[in-house]
1. In square nanometres, what is the average projected area of the Cα convex hull of the chain?
2. Add -39500 (n - 2.57) for each DSSP H run of 4 or more in the chain, then divide by its residues: what number comes out at 222 nm, to the nearest 500 deg cm²/dmol?
3. Whole-Å semi-axes of region 126-170's equivalent ellipsoid, largest first, each the root of 5 times a Cα gyration tensor eigenvalue?
Amino acid sequence: MARQTDIRILRESIPVIIGAGITEKYYFSHIQSIFNYKFKIRPRYFVSESIEKMEKNIEKVLQEKSIAICVFDKDVAERDEKERKKLNTLLKKYSKKKNVIFCDSLPSIEYWFYLHYKNTNKIFKDSKAVEKALKKHINTYEKKKHFLEKEKWVSDLCSENKLEKAIQRAKKFGCECPSYSNVYKAFEKFKGTTR
């Protein structure tokens, strides 16, 4: 009986990444490979951005007694009142659940990548603006499979202690700024979860 409990507790503690697109999917796949963190990346949880689909995936993860880590760009919800209301309803619904972690970025996850290089909470009007700034540091960066599937861009991104710097910067700026990222919360959950 104790053995079953131990297995159940172990399963509950393994985070599951729910992402909004291929950038997040490849980024976290490479992070897992580089750092050997223990979390699940399930392709079926990487969908086009839809609050309804994200909520369904959160429920599936919770039914499995796992931790849902939701990584998404907030720019669409900022521009569209209907999407903003849906997102706010979702955030409120899970606000008291410790096993649901929202790792949103405004305008996009590229701002999280940019924090690896720059200590700034500069206002970026949209994801294209932050991508342009990021290309000054990763000049070949593209949101396309042929670029994202290569691990090197993430290993370069994390080299020379840049990942720790990005975590510190994101925490320092918080999410009250016009540009922000909560992706660092995923890394706080990964600490101590190596395979």
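We did not get these values from a lab; they are worked out from the coordinates using the rules stated. Just so you know, these numbers come straight off a predicted model, no measurement behind them.
1. Details: hull surface 44.8 nm².
Here the figure is 11.2 nm², rounded to one decimal.
2. Working: 11 runs with 100 residues, N = 195.
Helix contribution divided over all residues of the chain: -14500 deg cm²/dmol.
3. On the way: eigenvalues 69, 46, 15 Å².
Its equivalent ellipsoid spans semi-axes of 19, 15, 9 Å.
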